[in-house]
Amino acid sequence: MASYIARKGPLVFSSLGKWAYNMSGFNQYGLYRDDCLYENEDVTEAVRRLPRKLYDERNYRIMRALHLSMTKTILPKEQWTQYEEDVKYLEPYLKEVVAEREEREQWNKTH
């Protein structure tokens with residue numbers, strides 16, 4: 001099994017990127033960027049492949065965000081997800097899933 005290392009923070013730090021990140025609002029609920037991805041087949045498969053601990057942490061963040069949204073509240077500012085601390089935990093799994101799908105599609109074209 002491959003070793004996965006999640007990237008922490010953005011690839012390029014910028015004032016505009018930080019501003020856009022903070023304006024998106026999901027960080028006020030304690031969510032990571034990867035928690036908010038549109039769930040297509042690739043993302044669903046990547047989530048399925050997550051280790052149990054990461055999967056449970058993801059579900060906790062999403063359930064907490066849903067509760068906060070229903071009660072029309074946000075987390076205290078010190079608990080917001082920071083731009084520099086956002087962990088791209090799903091990225092290595094998603095890259096693997098996309099690569100497998102593309103390889104499968106290429107294989108099906110040639111055979």
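The values are calculated or read from the model by the stated rules, or taken from the named source; none is laboratory data. What you are looking at is a predicted structure, and each value in this text was computed from that prediction instead of being measured. We place every Cβ from the backbone using ideal geometry, glycine too, and count neighbours over all the protein chains shown. The accessibility values were calculated without ligands, DNA or RNA, using every heavy atom of the protein model including side chains. Shrake-Rupley method; radii C 1.70, N 1.55, O 1.52, S 1.80 Å.
Here are the numbers for this structure:
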{"item": "Once the Cα gyration tensor of the chain is diagonalised, semi-axes √(5λ) in Å", "result": "30, 17, 13"}
{"item": "Proximal aspartates and glutamates to LYS95, defined as alpha-carbon separation beneath 20 angstrom and excluding residues fewer than eight positions away on the same chain", "result": "ASP34, ASP35, GLU39, GLU41, ASP42, GLU45, ASP86, GLU103, GLU105"}
{"item": "Dipole magnitude of the chain about its Cα centre (Cβ charges: Lys, Arg +1; Asp, Glu -1), debye to nearest 20", "result": "300"}
{"item": "Dipole-positive endmost among ALA20, LEU37, LEU90 within the chain (Cβ charges, Cα centre)", "result": "ALA20"}
{"item": "The chain: relative contact order in percent, alpha carbon pairs under 8 Å with at least 6 residues between", "result": "48"}
{"item": "Å² of accessible area per residue within region 30-111, as computed with a 1.4 Å probe and no ligands counted", "result": "69"}
{"item": "Heavy-atom accessible area order for LYS88, LYS77, LYS72, largest first, 1.4 Å probe", "result": "LYS72, LYS77, LYS88"}
{"item": "When each of LYS18/LYS72; LYS88/LYS109; LYS53/LYS77 is checked by Cα-Cα distance, pairs over 30 Å", "result": "LYS88/LYS109"}
{"item": "Three-way shape label, region 20-59, alpha-carbon gyration tensor, a/c 1.5", "result": "oblate"}
